[in-house]
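Data block below; observations after.
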Amino acid sequence: MASNQQVRASHILIKHQGSRRKASWKDPDGRIISTTTKEAAITQLKALRDDILSGKASFDEVATRLSDCSSAKRGGDLGPFGRGQMQKPFEDATFALKIGEVSDIVDTDSGVHIIMRTA
């Protein structure tokens, strides 16, 4: 089925001291990231997810302001991707979502994410 071959998604990434690369566009020296515990990152992301789901904040606005990924400048948009292009937990979570749906917390080597499937 062609529709299962590619998805498009946006995400919000919060890096922490266990992240593979401890630097981002908003923390180039990794000072904040290296002192952020995984638990703190998850707590922050859960609060952001609640704000998005309740309509208090928009996904792309939160991504632009707070995501540690360079996709932040595009509102978290990662563009289309197929299987094998992303880390496995991220890929599995994205393919499991319906379009417009926001994931629970997804843990990868990069950090913790919430993902919104957009296509």
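Run the simple label-point estimate for Trp25 and Ser54 please: 7 Å along Cα→C-beta, distance reported in nm.
2.8 nm
Taking all protein chains as present, what is the carbon and sulfur share of the accessible area of the chain, in % to the nearest whole number, probe 1.4 Å?
Solvent-exposed carbon and sulfur of the chain make up 53 percent of the total.
Can you tell me the orientation of helix 38-53 relative to the chain, as the angle in degrees between its alpha-carbon axis and the longest Cα principal axis, to the nearest 10?
Helix 38-53 sits at roughly 50 degrees to that axis.
How much accessible area per residue does the stretch 1-99 have, in Å², with a 1.4 Å probe?
Heavy-atom SASA per residue in the stretch 1-99 reads 57 Å².
Could you tell me which of rounded, prolate or oblate describes the chain, using a ≥ b ≥ c as the square roots of the eigenvalues of the alpha-carbon gyration tensor, with rounded for a/c under 1.5 and, failing that, prolate when a/b is larger than b/c and oblate otherwise? Can you show the working numbers first?
On the way: a/c = 1.80, a/b = 1.41, b/c = 1.27.
Prolate is the answer for the chain, as a/c is 1.5 or above and a/b outweighs b/c.
The values are calculated or read from the model by the stated rules, or taken from the named source; none is laboratory data. For clarity, every value in this text was computed on a predicted model and none was experimentally measured. Backbone-built Cβ (ideal geometry, glycine too); neighbour counts: all protein chains shown. All accessible areas refer to the heavy atoms of the entire protein, side chains included, with ligands and DNA or RNA removed. Shrake-Rupley method; radii C 1.70, N 1.55, O 1.52, S 1.80 Å.
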